[in-house]
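What follows is one structure encoded as structure tokens, with my remarks underneath.
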Amino acid sequence: MNEARVGHCLRALRRSKGWRQVDVGVAAGVSQALISEVERGRWASVTVTAVRRGFAAVGADFDCLVRFRGAELDRLLDERHAATSCAVADLLRRRGWMVAAEVSFNHYGDRGSVDLLAYQASRRTALVVEVKTEIASAEETMRRLDVKARLSAVLARDRFGEQPVRVVRLLAVVDSTTNRSRVTRLDALFGPAFPLRGVALRRWLETPAQLAAATAPGAGGLLFVRNVPGISRGVAGGGPHRMRRPRGTPPGQSRVDSRTESPGGTKRPLVADA
């Protein structure tokens, strides 16, 4: 993270709105002095939360960039993403959906892959699933999911051999305090786009034809996924859990997290909180 460049960005966005530093401070609920410090690249006494609030006041998202041992961090993130995808795929299959993972596409300049593409033949409904271990940019998440949803009818026909009559979007997010707080804060964006949640979403996954009567066309669902290995659920009253090493276990080797293994030694399945 380049503090000076971040400061320049905030200044440019503020000036584009014709605002003074005090205007941004009032909108963000922080002092003018703090906004001045951020714009000057002086972050000694500034929290990341305060910086995010400053950028949110001018209509922008602020994301920190983490670097760690080359590709090692990407490998760790990929493992968490894969575990989350497996949890969602298992949930869908248990509800009668056919599921394909990492369905790549290259159509009319749009390139990428769909995390999970599901299809229920009895209802002729395709489900395009975007899996997130954390929500960084809401706008980018929705833009990418919209592109995939537009292409999913063709992808479903090629993959499952049938033409769906409807395509629905599903955003699957790891259940954590941070993600839930961000979803709540961004409800103005996520609410209309993903109205199906909780019990309503679970019922719809079992009977997807009810969508037309329950929501606006193009609307989808938001699913919080819990019990993903390596990620704390982060529910209220919780927090970072300790990884204890049992007696006799060599250094560097930890036991399986108690939330994913039963007292008898049998691993519990991943759970999607539909």
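The values are calculated or read from the model by the stated rules, or taken from the named source; none is laboratory data. These numbers were taken from a predicted model, which means no experiment stands behind them. A quick note on method: Cβ atoms are made from the backbone with ideal geometry, for glycine too, and the neighbour counts reach across all protein chains shown. Keep in mind that these areas ignore ligands, DNA and RNA; they rest on the heavy atoms of the full protein, side chains included. Shrake-Rupley method; radii C 1.70, N 1.55, O 1.52, S 1.80 Å.
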In whole Å, what is the distance between the alpha-carbon centres of region 83-132 and region 145-178? 6 Å
What would the Debye equation give as log₁₀ I(q)/I(0) for region 131-210 at q = 0.23 Å⁻¹, counting only Cα atoms as equal point scatterers? -1.23
So, R0 is 22 Å and r is the distance between the beta-carbons of S16 and H107; what FRET efficiency does that work out to, to 0.05? 0.05
Could you order M98, M142 by accessible surface area, starting with the largest, using a probe radius of 1.4 Å? M98, M142
In what order, largest first, do E39, E206, E134, E162 sit by accessible area if the probe radius is 1.4 Å? E134, E206, E162, E39
Kindly state, to the nearest 0.05, the FRET efficiency for S31 paired with T178, given R0 = 25 Å and r defined as their beta-carbon distance. 0.50
How large is the direction-averaged shadow of the alpha-carbon convex hull of region 1-160, in nm²? 12.6 nm²
Sort 25-35, 40-50, 87-97 by the packing proxy (mean of other Cβ within 10 Å over each peptide's residues), most packed first. 87-97, 25-35, 40-50
Using the beta-carbon distance between E140 and V48 and R0 = 25 Å, what value does 1/(1 + (r/R0)^6) give for FRET efficiency, to the nearest 0.05? 0.85
